[in-house]
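A.B. asks: Got a structure for you, written out below as structure tokens; questions coming shortly.
No lab work stands behind these numbers, since they all come straight from the coordinates. Because the structure is predicted, anything quoted here is derived from the model rather than measured. Every residue, glycine as well, gets a Cβ built from its backbone with ideal geometry; the counts of neighbours run over all protein chains shown.
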Amino acid sequence: MKKQSENMPKLHAEQLVIHALQTLLDLNRTSLPVYEDNKCIGVIYLCDLVNFLTMDDPTGELLFHKLNFDLESAMNLMSKI
């Protein structure tokens, strides 16, 4: 029998930011856990991703580049601010 937590939606550390955003929006969620090697390494919030996309980039020149970061890298950068 599967645990209930196995059926819950989750993100993976290697997923791109753009795919994480799409998952959150598709599921109408504001947050989801992030897993690496079947271990939860944190929770990502929609507002965190929006802040990541806009931080240190007032003109939006880096937006495309940031959308293609993997979640683990984005989470590491956000933890440093």
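A.B. asks: Give the residue from C47, N28, N76 lying farthest towards the positive end of the charge dipole for the range 4-79; charges sit on Cβ (+1 for Lys and Arg, -1 for Asp and Glu) and the dipole is referred to the Cα centre.
C.D. replies: Of the listed residues, the answer is N28.
A.B. asks: To the nearest 20 Debye, how big is the dipole of the chain about its Cα centre, given +1 on the beta carbon of each Lys and Arg and -1 on that of each Asp and Glu? Mind dumping the intermediate values first?
C.D. replies: Numbers: 7 positive and 11 negative charges, 79 e Å.
Once rounded to the nearest 20, the dipole reads 380 debye.
A.B. asks: Sort M75, M8 by Cβ crowding within 10 Å, fewest neighbours at the top.
C.D. replies: Working: M75 20, M8 9.
Fewest-to-most ranking of M75, M8: M8, M75.
A.B. asks: Report the net charge of residues surrounding E72, where surrounding means a beta-carbon distance below 13 angstrom and charges are Lys +1, Arg +1, Asp -1, Glu -1.
C.D. replies: Working: positive: K39; negative: E14, E36, D37, D70.
Neighbourhood net charge equals -3.
A.B. asks: If you take the Cα atoms of the range 4-79, find Rg, then find the Kirkwood Rh from the mean of 1/r over all pairs, what is Rg/Rh? Display every interim value, and only then the final one.
C.D. replies: Numbers: Rg = 12.3 Å, Rh = 12.6 Å.
My calculation of the ratio gives 0.97.
A.B. asks: Where is the GNM fluctuation largest for the chain (alpha-carbon springs, 10 angstrom cutoff): E36, E61, E14?
C.D. replies: E61
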